[in-house]
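Presented below is the structure to which this report refers.
The values are calculated or read from the model by the stated rules, or taken from the named source; none is laboratory data. Quick caveat: nothing in here was measured; it's all calculated off a predicted structure. In this analysis, Cβ positions are derived from the backbone assuming ideal geometry, glycine residues included, and neighbour counts consider all displayed protein chains. We work out accessible area using only protein heavy atoms, side chains counted, and drop any ligands, DNA or RNA first. Shrake-Rupley method; radii C 1.70, N 1.55, O 1.52, S 1.80 Å.
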Amino acid sequence: MLVGTMNHPARDLLGEIEWIGQLGFDFIDLTLEPPLAEVRRIDIQKVKQALRAHNLRVVGHTAYYLPLCSPFESLRRAAVSELKICLEAFAELGAEWMNLHPDRQAPFYDRKFIIDQNLQSLQELLPVARERRVGLMIENLPGSFNTVHQLGELLDAVPELGLHLDIGHANLMVEHNTTEEILAAYGQRLRHVHVHDNKGGSTDLHLPLGTGTVDTTHSIQVLQQTGYNGTITLEVFTPDRHYLEYSRDVLRRAWRQPTAAIMAKHT
């Protein structure tokens, strides 16, 4: 398992890389978005040097608000163009995967339109992703893309698309946390994981681990049973990095615990 965290897009990227490296993380979940981490604003060569100096790997993250299913075709195409530029940058930085957030903002349109528009955007991105050897993965989102059926509308249609599982999101706007059922259906497609805490409902709080209702230990045990041993981002948003360090220790402790307990539960 590799543990990382995300840069704050409103702070200097080189400074963000420095403190992430100093805290001993394995990688940066690099989000390329305004105001200070927009792809055209950063110096790729300086970022590469900083990553190398701090021995940090990169996972590609993109803005969650890009209009990939917009009814305005010009806006949808602009979002795709922006993501193509991100793909090029992540390829230069050595990232193997870049995440996408399925778009659901198309008022007055039905589900089929939303899915078709997202798929059209994906199909336009795939040739660049293949050429640059950066895989695409979709993140589960509360409300519209947070169950097996909802995610399957995209994953089943695009076999090469990876799954980016956000365990905190899986606890929102659902009757129960959907982590286990998503992994049962698409665990073999899993490429990256986010963990953070919240209190259920509809508010995406991004709390330190152990301060909400997400059962981190159980979720990690289920994750381990898929055979996953890759990158996990602590998406804990706090101005006090003590809570981020604490969450890192909670995650590592949960990872070290044997899976016997969950195996016994299902026998």
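For region 142-172, the candidate set comprises residues that are of a type in the set (V, I, T) and open to solvent by less than 10 Å² (accessible area, probe 1.4 Å); within that set, the residue that is nearest to A106 (Cα to Cα) is V158. One residue stands out among those in region 202-232 that are open to solvent by less than 50 Å² (accessible area, probe 1.4 Å) and in a loop (DSSP other than H, G, I, E, B): the one that is nearest to F25 (Cα to Cα), which is G230. Looking at L100, is it under 14 Å from the mean Cα position of the chain (by Cα), under 30 Å from I115 (Cα atoms), open to solvent by less than 20 Å² (accessible area, probe 1.4 Å) and not basic (K, R)? Yes, satisfied.
Suppose the filter is open to solvent by less than 40 Å² (accessible area, probe 1.4 Å), at pLDDT 95 or above and among the acidic types (D, E); does E139 pass it? Spelling it out, E139 is indeed open to solvent by less than 40 Å² (accessible area, probe 1.4 Å), at pLDDT 95 or above and among the acidic types (D, E).
R189 passes every criterion in (1) over 25 Å from D26 (Cα atoms); (2) free of Cβ contacts under 8 Å to residues at least 60 places away in the same chain; (3) open to solvent by 10 Å² or more (accessible area, probe 1.4 Å) apart from (1). Residues in region 43-61 that are in contact with a strand residue (DSSP E or B) (Cβ under 6 Å, 6 or more places away or on another chain) and either farther than 14 Å from D29 by Cα or part of a strand (DSSP E or B) (or both): R57, V58, V59, G60, H61. Evaluate region 73-93: report whether one residue or more is open to solvent by 40 Å² or more (accessible area, probe 1.4 Å), more than 25 Å from L190 (Cβ to Cβ) and assigned to a loop (DSSP other than H, G, I, E, B). There is no residue in region 73-93 that is open to solvent by 40 Å² or more (accessible area, probe 1.4 Å), more than 25 Å from L190 (Cβ to Cβ) and assigned to a loop (DSSP other than H, G, I, E, B).
Any residue in region 37-52 that is in contact with a Gly (Cβ under 8 Å, 6 or more places away or on another chain), touching a residue at least 12 places away in the same chain (Cβ under 8 Å) and open to solvent by 70 Å² or more (accessible area, probe 1.4 Å)? No: zero hits. Evaluation of E175 against the conditions (1) open to solvent by 20 Å² or more (accessible area, probe 1.4 Å); (2) in contact with a strand residue (DSSP E or B) (Cβ under 7 Å, 6 or more places away or on another chain); (3) acidic (D, E) shows that the sole unmet condition is (2).
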